[in-house]
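Reading through the structure tokens given below for one structure.
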Amino acid sequence: MIFLSLSRKIDPQNNFILTASTIFRLFRLFQVFSFSKLTNLFLLYSSFYLSYLRGKAIHWGMPWSISVEPTTSCNLSCPECPSGLKKFSRPTGTMSFENFKTIIDKQYKYLIWLILYFQGEPYLNPHFFEFVRYAKKKNIFTTTSTNGHYLSKTLARKTAESGLDQLIISLDGMDAETYKKYRIGGNFDKVMDGIRNLVEAKKNAKVNHPYLIIQFLVFKSNEHQIKEVKRLKKELGVDKVELKTAQFYEFEKGKEMMTSLSPFSRYEKTESGQYKIKNRLKNRCLRMWQSSVITWDGDLVPCCFDKNAKHQFGNLISTDFKTIKTNEEYKAFRQQILKDRSQIEICRNCSE
């Protein structure tokens, strides 16, 4: 249960193979466990299932996973991304190393998994590698997601040397023409070179980290390349190729880029011609118990679907999670999920 995905990924033909990197990743995850972390997991999941059965929200324990936002800045202009569109309704900026340390110092005793990503391109934060190294010192599994434009030979080497456990590289096309239909402002060849640089850096450093995942958002423009992208695992020597469904804003009338392949779409067309999300939106959400998202300036929000941080429950720089989780706003939000999740705007487009 601890390895539940934090985003909607579908690949029915992606078989699990015990490569050296896969074994290392499992070993690394095993290393981060402690008695206090296992006890915390028991408290978290017990309170979640008890809350679901009773219909009354209680929250024991602390999040075992958090997402920390290094920056809101991005070099691309992807049309379904607030960072790309530069259309945030919240303050934008970059997290300092001191604030990152403050957050980690408050949470590390319970943390198993740290995601160094929310919005923006993580490699644009000048302290990114310091973040990774500090989290490693605190015995936390570290992962991030990048658009792959900042993996020169030098930065690829630094990535391998930093000890980063897992890296997701977005590659939404198998040629320059297809790639730029969504990754506007991007350079397909540069991303491919970056992938090769990282594979080479791992070999030169004789390490199995980071576990390297190529993530392929399925759109109408690239759905014909699904078989082709799967071959990259063998051709480039990456650890995994992952197909992911795309999220769209204002999807009700459909979108040009929506894939026609049902298994790879979050949405379906109704008899009226409108679109709706396939998710039945059951009145429960494990994310609200097991994980949290922290913006670049320390605000704690419920999950990665709250991209504009409309639901700010507190600030982890000025206070601590134990205080935040018991405030009235947070308690009311969890209770609303159990009562009628469809009434929460960010939940209506959620794949959880």
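The values are calculated or read from the model by the stated rules, or taken from the named source; none is laboratory data. What you are looking at is a predicted structure, and each value in this text was computed from that prediction instead of being measured. Note that we place each Cβ from the backbone using ideal geometry, even for glycine, and neighbour counts take in every protein chain shown. For the accessible areas, the whole protein counts, side chains as well, though only heavy atoms, and no ligand, DNA or RNA atoms are used. Shrake-Rupley method; radii C 1.70, N 1.55, O 1.52, S 1.80 Å.
Observations on the model:
- Filter result for Ile169 (assigned to a strand (DSSP E or B), under 17 Å from Ser83 (Cβ atoms) and β-branched (Val, Ile, Thr)): yes
- Restricting Leu261, Leu217 to residues that are of a type outside the set (Phe, Trp, Tyr) and farther than 27 Å from Leu29 by Cβ narrows the list to Leu261.
- The stretch 328-352, residues that are modelled with pLDDT of 95 or more and of a type in the set (S, T, N, Q): Gln335, Gln336
- Single residue of the stretch 136-148 satisfying the filter (assigned to a loop (DSSP other than H, G, I, E, B) and either aliphatic (A, V, I, L, M) or free of Cβ contacts under 8 Å to residues at least 60 places away in the same chain (or both)) that is surrounded by the fewest Cβ atoms within 10 Å (Cβ to Cβ): Lys138
- Ile337 being among the β-branched types (Val, Ile, Thr), farther than 23 Å from Pro122 by Cα and open to solvent by less than 20 Å² (accessible area, probe 1.4 Å): yes
- If the condition is being in contact with a strand residue (DSSP E or B) (Cβ under 8 Å, 6 or more places away or on another chain) and open to solvent by less than 40 Å² (accessible area, probe 1.4 Å), then the stretch 70-89 contributes Pro70, Thr71, Thr72.
- Just so you know, in the stretch 100-122 the residues that are over 15 Å from the mean Cα position of the chain (by Cα) and of a type in the set (Phe, Trp, Tyr) include one that is surrounded by the fewest Cβ atoms within 10 Å (Cβ to Cβ), and it is Tyr108.
- Flag if Asn349 is under 23 Å from the mean Cα position of the chain (by Cα), among the polar types (S, T, N, Q) and open to solvent by 10 Å² or more (accessible area, probe 1.4 Å): yes
- Only a single criterion out of (1) open to solvent by 30 Å² or more (accessible area, probe 1.4 Å); (2) over 22 Å from Lys109 (Cβ atoms); (3) out of contact with any Gly (no Cβ under 7 Å at 6 or more places or on another chain) is not satisfied by Asp297, namely (3).
- Qualifying position, being among the charged types (D, E, K, R), out of contact with any Asp or Glu (no Cβ under 7 Å at 6 or more places or on another chain) and open to solvent by 20 Å² or more (accessible area, probe 1.4 Å), among Asp165, Asp189: Asp189
- Filter pass, Asn75 being modelled with pLDDT of 95 or more, over 30 Å from Ile324 (Cα atoms) and of a type outside the set (A, V, I, L, M, F, W, C): yes
- Verdict on Met288 being farther than 27 Å from Leu116 by Cβ and of a type in the set (A, V, I, L, M): no
- Members of the stretch 123-140 that are under 22 Å from Lys322 (Cα atoms) and within 20 Å of the chain's Cα centre (by Cα): Ala135, Asn139, Ile140
- Top-ranked residue in the stretch 234-267 [being of a type in the set (Phe, Trp, Tyr) and either free of Cβ contacts under 8 Å to residues at least 40 places away in the same chain or assigned to a loop (DSSP other than H, G, I, E, B) (or both); ranked as most open to solvent (accessible area, probe 1.4 Å)]: Tyr249
- Criterion (part of a helix (DSSP H, G or I), open to solvent by less than 30 Å² (accessible area, probe 1.4 Å), modelled with pLDDT of 95 or more and closer than 23 Å to His311 by Cβ) met by exactly one of Ser67, Ser47: Ser47
- Hits in the stretch 78-135 - residues which are part of a loop (DSSP other than H, G, I, E, B), among the small types (Gly, Ala, Ser) and at pLDDT 95 or above: Gly93, Ser96, Gly120
- Selection from the stretch 254-268 of residues that are within 22 Å of Pro79 (Cα to Cα) and not polar (S, T, N, Q): Gly254, Lys255, Glu256, Met257, Met258, Leu261, Phe264, Arg266, Tyr267, Glu268
- Odd one out for Arg280, checked against (1) assigned to a loop (DSSP other than H, G, I, E, B); (2) touching a residue at least 40 places away in the same chain (Cβ under 8 Å): (2)
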